[in-house]
Every structure is written in structure tokens, then in C-alpha cells.
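Undergrad: Pasting a structure below so you can have a look.
The values are calculated or read from the model by the stated rules, or taken from the named source; none is laboratory data. Everything quoted here is computed from the prediction, not taken from an experiment. Note that we place each Cβ from the backbone using ideal geometry, even for glycine, and neighbour counts take in every protein chain shown. Just so you know, the surface numbers come from the protein's heavy atoms only, side chains and all, with ligands and any DNA or RNA stripped out. Shrake-Rupley method; radii C 1.70, N 1.55, O 1.52, S 1.80 Å.
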Amino acid sequence: GKIHQHLVGDHQRLDDLLERGMSGQTIDTAAYHQFRAGLLKHIGMEEKILLPAAQRLGGGKPLAVAATLRLDHGALAALLVPLPTVPVISAIRAILELHNPIEEDPGGMYEQCEELAGAELDKILRQLQEAPDVRVAPNVDSPNVLEMTRRALAKAGYNLTLQ
């Protein structure tokens with residue numbers, strides 16, 4: 001469907017940017033920063049438009065996967081705070097490999113949202129297409145940030161190394 005196509009296309013764009021952002025052990029900061037801004041916008045589209053619309057259209061009941069996706073989104077957002085390093089980017093990749101199929105696969109979040117959308121499908125798609133860019137703060141390099149990031153990962157069920 002239309003929402004699926006739009007958001008899977010954005011996943012592919014983000015995957016390509018992340019691939020350019022880290023090739024081997026070399027980090028391309030320009031590509032990574034494009035990825036970072038794009039991922040924050042994508043998470044915002046899902047958190048502020050898609051999941052609330054699905055809950056509203058589902059009679060106030062959130063999607064069964066909503067809590068898991070929100071924990072993943074929190075872990076991903078936390079990983080975007082510290083400076084990009086090989087372990088940080090590897091952790092992002094590991095989460096996205098598990099996260100994206102929950103949204104994209106048959107019966108996944110995107111398909112569920114399209115089924116619930118009904119007559120509102122085009123309106124929701126338009127909101128997604130017109131979502132504004134997200135203001136992105138500079139990366140922060142401190143032991144406190146890495147500890148906060150580890151806690152967000154653990155809360156989402158991930159045990160990933162960041163150093």
C-alpha cells in the first residue's frame with residue numbers, strides 16, 4: 001500500500017545513508033549526519049503521526065507492537081546522541097535489522113496501519129509526506145551520555161557494546 005511504500009522507501013534511503021556513513025572502519029561524518037537527521041524525522045513520523053492514527057482508528061487501542069517499537073525508537077534515538085563510532089553505528093545497524101521487519105513484513109505495523117486507515121489513508125500519507133525536518137542537536141561526547149545510552153538499550157532489551 002501507499003503508506004508501506006512511502007515508509008519502506010524511507011527505510012531504504014536511510015539504510016543507504018548509514019552504509020555510506022560507515023564503510024569498514026571509516027566514518028563519513030557528512031553521510032552519518034544526514035542519516036541521523038533522517039532517522040530522527042522517520043521516528044517522529046511514526047511516533048507523532050502513524051502510531052497515534054492507528055490507535056485512534058483502532059478505537060483507542062494501541063497496536064500490539066506499539067510498545068516494542070517505542071522502546072526501539074528510544075534506543076535508536078539514544079544511540080544518535082553520542083559521537084558516531086564504529087560500535088555505536090554497529091549497534092544502530094543491529095537494532096534496525098530486527099526493528100524494520102516488525103514494521104515492513106506482511107502483517108507488520110505498516111500493513112496494520114493501512115488496514116485501519118480506510119478512508120483516511122490518503123490524509124495520513126499526506127501528513128507523512130509533509131512531516132517537517134527535525135531540529136538536530138550536536139552530538140555529545142561524555143561518559144554520562146554513554147551510560148544513558150546503555151540504559152536505553154537495556155530497557156529495550158538490547159545488550160550491545162558501545163566501546
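Undergrad: Looking only at residues that are within 24 Å of ARG56 (Cβ to Cβ) and touching a residue at least 40 places away in the same chain (Cβ under 8 Å) in region 88-109, which one is surrounded by the fewest Cβ atoms within 10 Å (Cβ to Cβ)?
TA: Looking at residues that are within 24 Å of ARG56 (Cβ to Cβ) and touching a residue at least 40 places away in the same chain (Cβ under 8 Å), I get GLU104.
Undergrad: Turning to a different aspect of this structure: Which of the residues belonging to region 133-150 are closer than 17 Å to GLU46 by Cα and without any contact (Cβ under 8 Å) to a residue 12 or more places away in the chain? Working first, answer last.
TA: Quick first cut of region 133-150, residues closer than 17 Å to GLU46 by Cα only: 133-135.
Residue satisfying the conditions is ARG135 alone.
Undergrad: State the number of residues belonging to region 110-131 that are in contact (Cβ under 8 Å) with a residue 24 or more places away in the chain and not in a helix (DSSP H, G or I).
TA: At the first step, the residues of region 110-131 found to be in contact (Cβ under 8 Å) with a residue 24 or more places away in the chain are 110-114, 116-118, 120-122, 124-125, 127-129, 131.
Right, trim to not in a helix (DSSP H, G or I) and you get 131.
So the answer is 1.
Undergrad: May I ask you to list the residues in region 152-163 that are exposed (fewer than 14 other Cβ atoms within 10 Å of the Cβ) and at pLDDT 95 or above?
TA: The first filter runs over region 152-163 and keeps only residues exposed (fewer than 14 other Cβ atoms within 10 Å of the Cβ), leaving 154-155, 157, 159, 161, 163.
Selection gives ALA154, LYS155, GLY157.
Undergrad: Are any residues in region 16-40 open to solvent by 60 Å² or more (accessible area, probe 1.4 Å) and under 15 Å from the mean Cα position of the chain (by Cα), and if so, which ones? Please lay out each step first, then the result.
TA: First, pick out the residues of region 16-40 that are open to solvent by 60 Å² or more (accessible area, probe 1.4 Å): 16, 19-20, 23, 25-26, 28-30, 33-34.
Residues satisfying the conditions are ASP16, HIS33, GLN34.
Undergrad: Moving to a separate point now. Among the numbered criteria (1) among the hydrophobic types (A, V, I, L, M, F, W, C); (2) over 17 Å from the mean Cα position of the chain (by Cα); (3) open to solvent by less than 30 Å² (accessible area, probe 1.4 Å), which one does VAL140 miss?
TA: (3)
Undergrad: Let me ask something else about it. Is it the case that region 82-89 has a residue that's β-branched (Val, Ile, Thr) and over 24 Å from ASP16 (Cα atoms)? Can you show your working first?
TA: First, the residues of region 82-89 that are β-branched (Val, Ile, Thr): 85-86, 88-89.
Now restrict to residues that are over 24 Å from ASP16 (Cα atoms): none.
Within region 82-89 (the criterion being β-branched (Val, Ile, Thr) and over 24 Å from ASP16 (Cα atoms)), the answer is no, since none of the residues qualifies.
Conditions (1) surrounded by fewer than 17 Cβ atoms within 10 Å (Cβ to Cβ); (2) not aliphatic (A, V, I, L, M), marked per residue:
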site: HIS42; (1), (2): no, yes
site: ILE49; (1), (2): no, no
site: ALA67; (1), (2): yes, no
site: HIS73; (1), (2): no, yes
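Undergrad: Of the residues VAL88, VAL81, which is in a loop (DSSP other than H, G, I, E, B), within 30 Å of LEU146 (Cα to Cα) and β-branched (Val, Ile, Thr)? Break it down stepwise before answering.
TA: Values: VAL88 fails: in a loop (DSSP other than H, G, I, E, B).
On inspection, the qualifying residue turns out to be VAL81.
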